[in-house]
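K.L.:
Pasting a structure here, questions to come.
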Amino acid sequence: FDPSKIVLFLGGNNVNNQGDTGEYTAQLLAELLEKMHADFPEAEIYYVLSLPVPNNYSNGKYTTEYGNLIECMKEYGEQSDWLTIIDMESALVEDGNPIAAYFKSDNIHFTAEGYAVWSEIINRVVFGK
């Protein structure tokens, strides 16, 4: 196994479902990312920040621990020249709130329209498409 690109999207459930703090979750993610970088030093590594879903984002702000996770991961990405952070907030938010058409009624998961936006961003950033 010799990946050329690695894309990770995880951490939000640690905060929402397990009750971990954003800082602790970011620490776990940093350990995982550093291990991946050590194991695959030539691979391009991308981390997709947790999303501004209606359950965790309103009026331009994330809930506390969810927001802490995002801020910690942004800071971590700024310090790592081998990691690219993908932030989808601006594509999924309008007037300070998540775009309702992009999320199912559970206020967490994407609709087909939301996945289309997600896919376009991933394809553009990771694959240059």
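K.L.:
If you line up the long axis of helix 64-79 against the longest principal axis of the chain, both from Cα atoms, how many degrees apart are they, to the nearest 10?
P.N.:
So the inclination is approximately 30 degrees.
K.L.:
Moving on. Enumerate lysine pairs in the chain that are 8 or more residues apart or on different chains, then count those whose Cα atoms are under 19 Å apart.
P.N.:
4
K.L.:
Return a whole-number percent for the relative contact order of the chain, with Cα pairs under 8 Å and 6 or more residues apart as the contact set. Intermediate values should be presented prior to the final figure.
P.N.:
Numbers: 163 pairs, mean separation 33.7, N = 129.
The value is 26 percent.
K.L.:
In Å², what does the accessible area per residue of the chain work out to with a 1.4 Å probe?
P.N.:
On a per-residue basis, the chain sits at 57 Å².
K.L.:
Compute and list, largest first, the equivalent-ellipsoid semi-axes of the range 78-123 from the alpha carbon gyration tensor, each √(5λ) rounded to a whole angstrom.
P.N.:
Calculated on Cα positions only, the semi-axes equal 24, 13, 9 Å.
K.L.:
A follow-up question, please. Rank 127, 40, 1 by accessible area, highest first, at a 1.4 Å probe radius?
P.N.:
Ranking 127, 40, 1 by accessible area, largest first, yields 1, 127, 40.
K.L.:
How would 80, 90 rank on accessible area, largest to smallest, probe 1.4 Å?
P.N.:
Largest accessible area first, the list is 90, 80.
K.L.:
If one puts a single equal scatterer on every Cα of the range 34-78 and applies the Debye formula without solvent, what log₁₀ I(q)/I(0) results at q = 0.18, 0.22, 0.23 Å⁻¹?
P.N.:
-0.63, -0.78, -0.81
K.L.:
If you don't mind, there's one more thing I want to ask. Please give the per residue volume of the convex hull enclosing the alpha carbon atoms of the chain, rounded to a whole number of Å³.
P.N.:
Per residue, the Cα convex hull of the chain comes to 116 Å³.
K.L.:
If I fit a long axis through the Cα atoms of helix 112-127 and take the longest principal axis of the Cα atoms of the chain, what angle between them do I get, 0 to 90°, rounded to 10?
P.N.:
Orientation of helix 112-127: about 30 degrees from the principal axis.
K.L.:
Okay, helix-only estimate at 222 nm for the chain: each DSSP H run of n ≥ 4 adds -39500 (n - 2.57), divide by all residues, round to 500 deg cm²/dmol; what do you get?
P.N.:
-14000 deg cm²/dmol
The values are calculated or read from the model by the stated rules, or taken from the named source; none is laboratory data. Owing to the predicted nature of the structure, the values given are computational and were not obtained by experimental measurement. Each accessible area value is taken on the protein alone, full model and side chains, heavy atoms only, with ligands, DNA and RNA left out. Shrake-Rupley method; radii C 1.70, N 1.55, O 1.52, S 1.80 Å.
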